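Written below as structure tokens is the structure these notes are about.
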Amino acid sequence: MKILVVEDEHRLADSLRELLEENGFQCDAVYDGETGRACAETGSYALLILDVMLPRLDGCTLARQLRARRLEVPILMLTARSELEDRIAGLNAGADCYLPKPFDTRELLACVNALLRRQSTEQNLLSFGNTTLDLSAAVLRCGACRVGLSARELGVMRTLFQAGEQNVSKEHILAWVWGSGSSAMENHVEVYIGFLRKKLLRIGSNVRITAVRRLGYHLEAPP
Ligand code: CA
């Protein structure tokens, strides 16, 4: 569970990172909106903690841009501005939760846990075409047929189901499933895509994993 903190007050950003790490989360902290957007777009974070007033790109614009690109990562907005109008603006921009500064660290942790929990129950079942991916059982289902997936297969399939018809690059899959420090290569992804295509055929799924040169993979299913 990796969390991204985007906050230009370095001391606050670093103490948030320490707090989250003490509570068992992996965490990266960045100090401006542009860097925050670049990090968030890698798709490697389970949650974003976003300040509103940020240099280079403000938190509300950043949230709106991520939502426009269909990145559904939960966003917790953090700001000194606690006026109702500002809270509404933050929520309208795509934030899931809004915490005014100064905040109590227990309340922050409670929000983080609630958002992550909500995400995990909402996202236990992903569907595409005539096929469902059950994340908690690590199973692909099509009608009465089902097939189990290994942990890596599940990771790759989850990334593809989440993106649906949008292309997912091999680098993104590698970073998300194998981890950014891993020595796995792009041909590992190709091998797993091969396994998954066979499993889809085996259960009679109408979902196809389509490769697009230089852009990666996306899912297709007949209407
Ligand atoms: Ca700020």
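Just so you know, all these numbers are worked out from the coordinates, no wet-lab data involved. Not measured: the values here are computed from a predicted model. FYI the Cβ positions are ideal-geometry reconstructions off the backbone, even for glycines, and counts take in every protein chain you see.
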Give me the distance in nm between label points sitting 7 Å out from Cα along the Cα-to-Cβ direction at residue 21 and residue 198, one decimal.
-> 4.2 nm
Exactly which GluC sites (Glu not before Pro) in the stretch 39-143 are in a DSSP loop and have at most 15 other Cβ atoms within 10 Å?
-> 41, 72, 83
Provide, for q = 0.09 Å⁻¹, the log10 of I(q)/I(0) from a solvent-free Debye sum over equal Cα point scatterers in the chain.
-> -0.41
Would you mind calculating the gained length between residue 84 and residue 220 on full extension (0.36 nm times residue separation, minus the Cα-Cα distance), in nm to one decimal?
-> 44.6 nm
In the chain, lysine pairs closer than 27 Å at Cα, eight or more apart or cross-chain = 4
Global form of the stretch 1-130, assessed from the alpha-carbon gyration tensor, a/c cut-off 1.5 = rounded
222 nm mean residue ellipticity, helices alone, for the chain (DSSP H n ≥ 4; -39,500 (n - 2.57); rounded to 500) = -12500 deg cm²/dmol
With a ≥ b ≥ c the root eigenvalues of the C-alpha gyration tensor of the stretch 108-198, is it rounded (a/c under 1.5), prolate (a/b larger than b/c) or oblate?
-> oblate
Going toward the positive end of the dipole of the chain, with +1 on Lys and Arg Cβ and -1 on Asp and Glu Cβ, which of 215, 125, 149 do you reach last?
-> 149
